[in-house]
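Participant: First the structure, which I've put down as structure tokens, then a few questions once you've had a look.
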Amino acid sequence: MKNFTLTLLGLGAAPLLLSALPTRDTISFAPADGTSVTSTYTTSTEMTLDDMAVLMNGEENPMMPSIEMDMVSAMEIEVSDTYVSMADGEPKSLKRTYNTVQSNITGETAMDMMGEAQNESILGSGTSALEGETVLFSLKDGEYSKAWPEGAEADDELLEGLLEDISLRGMLPTGEVAEGESWDIELDTLLDLMAPGGDLSMEMEMDGGDSMSMGPDANMMSDLRKLLSGNLSGSFTGKLSGYREVDGAKLAVIEIELEIDCATDMIETIREQMQESLPPDAGVTMDVSTADVSYIMEGKGELLWNASAGHIAGMTFEAEVAMGMETTMGIDAGGMQMDMEMNMEMSGATTLSITAK
């Protein structure tokens, strides 16, 4: 009788024990057919030159000036997406209008050579011919084709580097999760976060910057997708910290944390930079043999996901960054040959904000 009573008590307690277990939810990318979402991505990166060393034929150049340099690059992208139809957690047919594609960069350089000071400012701004255009993405056999709407007159080359996934769905868990549970995020999702939409054919116009030719190219510094396109290592995690209700929508609050180190071979970019910076009649040729860039990022953020509608609701993110660049080249100046090595270190911070409506 005693054992029977205990059994009944145990059966009665089972529902209470089950109810005490954390609820597991599915957080997914699942907008309904016909859903329209306008997303604005704003990124700003501030960098300061910490150290620069230049060796000529293995020796320090006594004429090398002391240099101080600060650069700020910013980008704003606003797109309006209409998910015409969905298929298995990804758009089958997507219409995207590029409302805003803007970038700007500012810089200040102070050089001191043998007691003579020289200050210089640069100001650059850029946009894309995509701005104001609409692109149709269609999924077939696991790949997206890209096309202009019927009757549109636009350059097909603008379509080549575009990517469909601007939704950040790669940051979501792959299965059900409970509050407080964490998961790993693929490292290359960082590209979609920092440089959404692929190659947007940004064209920069620069004013000033002659003395900054010794430092990083401003266009290169503003192209985060290229800087982060190398070998990635580190950790990138998400954690469901809870839910909020905003305007009747249930928003999942996801904590984002990353520590990433990226090593990128930028030799082709540096070669192009050198060729463009030298006048045709300068009588100087440069052969770049190495151009290695390291980019370290450590940061935290908060992703808001509209669990009711199945798409992003917003995001904030802040990170400390450090960049190093090692370049070696051979120089032929009127028959006089020399080898040059340049090592540069910069550090700063990146902030990112995403709004969706």
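The values are calculated or read from the model by the stated rules, or taken from the named source; none is laboratory data. Note that the structure is predicted; figures quoted are calculated from it, not measured. Please note: Cβ atoms are built from the backbone with ideal geometry, for glycine as well, and neighbour counts cover all protein chains shown.
Participant: Would a scan of the range 114-124 turn up a residue that is surrounded by 16 or more Cβ atoms within 10 Å (Cβ to Cβ), under 20 Å from the mean Cα position of the chain (by Cα) and at pLDDT below 95?
Facilitator: Yes, the conditions are met somewhere in the range 114-124.
Participant: From (1) in contact with a helix residue (DSSP H, G or I) (Cβ under 8 Å, 6 or more places away or on another chain); (2) at pLDDT 95 or above, pick out the condition that doesn't hold for Met266.
Facilitator: Unmet condition: (2).
Participant: If you take the residues of the range 308-321 that are surrounded by 19 or more Cβ atoms within 10 Å (Cβ to Cβ) and small (Gly, Ala, Ser), which of them is nearest to Ile256 (Cα to Cα)?
Facilitator: The qualifying residue nearest to Ile256 (Cα to Cα) is Ala319.
Participant: Further question: Is there any pair linking a residue in the range 234-252 that is among the acidic types (Asp, Glu) to one that is at pLDDT 95 or above and in a strand (DSSP E or B), with Cβ under 7 Å and at least six apart or on different chains, and which?
Facilitator: none
Participant: Right, here's the next one. Got at least one residue in the range 39-62 being in contact (Cβ under 8 Å) with a residue 60 or more places away in the chain, exposed (fewer than 15 other Cβ atoms within 10 Å of the Cβ) and in contact with a Lys or Arg (Cβ under 7 Å, 6 or more places away or on another chain)?
Facilitator: no
Conditions tested, residue by residue: (1) more than 30 Å from Gly310 (Cβ to Cβ); (2) outside any strand (DSSP E or B); (3) not hydrophobic (A, V, I, L, M, F, W, C).
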{"residue": "Leu232", "(1), (2), (3)": "no, no, no"}
{"residue": "Thr237", "(1), (2), (3)": "no, no, yes"}
{"residue": "Leu251", "(1), (2), (3)": "no, no, no"}
{"residue": "Ile254", "(1), (2), (3)": "no, no, no"}
{"residue": "Glu272", "(1), (2), (3)": "yes, yes, yes"}
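Participant: Starting from the range 127-150, keep only residues that are closer than 30 Å to Ser73 by Cα, then list their pairs with residues that are modelled with pLDDT under 95 and hydroxyl-bearing (Ser, Thr, Tyr) whose Cβ atoms are within a distance under 6 Å, requiring at least 6 positions of separation or different chains.
Facilitator: Partner pairs satisfying both residue conditions: Ser128/Ser201.
Participant: Would you confirm whether any residue within the range 322-337 is exposed (fewer than 13 other Cβ atoms within 10 Å of the Cβ) and under 30 Å from Glu181 (Cβ atoms)?
Facilitator: Going residue by residue through the range 322-337, those that are exposed (fewer than 13 other Cβ atoms within 10 Å of the Cβ) are 333-337.
After this cut, where a residue has to be under 30 Å from Glu181 (Cβ atoms) as well, the list is none.
Checked the range 322-337: no residue is exposed (fewer than 13 other Cβ atoms within 10 Å of the Cβ) and under 30 Å from Glu181 (Cβ atoms).
Participant: For residues in the range 124-158 being outside any loop (DSSP other than H, G, I, E, B) and of a type in the set (Gly, Ala, Ser), which is nearest to Met71 (Cα to Cα)? Working first, answer last.
Facilitator: Step one: of the range 124-158, the residues outside any loop (DSSP other than H, G, I, E, B) are 124-128, 134-140, 143-147, 156-158.
Then keep just the ones that are of a type in the set (Gly, Ala, Ser); that gives 124-126, 128, 138, 145, 147.
Details: Gly124: 11, Ser125: 13, Gly126: 16, Ser128: 22, Ser138: 39, Ser145: 37, Ala147: 37 Å.
Checked the range 124-158; the qualifying residue nearest to Met71 (Cα to Cα) is Gly124.
Participant: If Ser80 satisfies all but one of (1) in a strand (DSSP E or B); (2) in contact with a Pro (Cβ under 9 Å, 6 or more places away or on another chain), what's the number of the condition it fails?
Facilitator: (2)
Participant: Can you name the condition, by its number, that Met86 falls short on among (1) loosely packed, with under 15 Cβ neighbours inside 10 Å; (2) touching a residue at least 24 places away in the same chain (Cβ under 8 Å); (3) in a strand (DSSP E or B)?
Facilitator: The single condition Met86 does not satisfy is (1).
Participant: What do you reckon, is Ser66 surrounded by 16 or more Cβ atoms within 10 Å (Cβ to Cβ) and either under 30 Å from Gly330 (Cα atoms) or within 19 Å of the chain's Cα centre (by Cα) (or both)?
Facilitator: On the way: surrounded by 16 or more Cβ atoms within 10 Å (Cβ to Cβ): no; either under 30 Å from Gly330 (Cα atoms) or within 19 Å of the chain's Cα centre (by Cα) (or both): yes.
Here the answer is no, as Ser66 does not meet what is asked.
Participant: Gly314 - would you say it is in contact with an Asp or Glu (Cβ under 7 Å, 6 or more places away or on another chain), in a strand (DSSP E or B) and either without any contact (Cβ under 8 Å) to a residue 60 or more places away in the chain or closer than 30 Å to Thr38 by Cβ (or both)?
Facilitator: Numbers: in contact with an Asp or Glu (Cβ under 7 Å, 6 or more places away or on another chain): no; in a strand (DSSP E or B): yes; either without any contact (Cβ under 8 Å) to a residue 60 or more places away in the chain or closer than 30 Å to Thr38 by Cβ (or both): yes.
So Gly314 does not fit the description; no.
Participant: Could you check the range 306-328 and list, in sequence order, the residues that are touching a Lys or Arg at 6+ places or on another chain (Cβ under 9 Å) and of a type outside the set (Gly, Ala, Ser)?
Facilitator: Asn306, His311, Ile312, Phe317, Glu318
Participant: Suppose we keep only residues that are over 30 Å from Met71 (Cα atoms), of a type in the set (Gly, Ala, Ser) and modelled with pLDDT of 90 or more within the range 213-263. Which one would you say is surrounded by the fewest Cβ atoms within 10 Å (Cβ to Cβ)? Break it down into steps so the answer makes sense when it comes.
Facilitator: So in the range 213-263, the residues over 30 Å from Met71 (Cα atoms) come out as 238-254.
Remaining after also requiring of a type in the set (Gly, Ala, Ser): 238, 241-242, 248-249, 252.
This time we only want the ones that are modelled with pLDDT of 90 or more, so: 238, 241-242, 249, 252.
Numbers: Gly238: 24, Ser241: 14, Gly242: 11, Ala249: 13, Ala252: 22.
The selected residue is Gly242.
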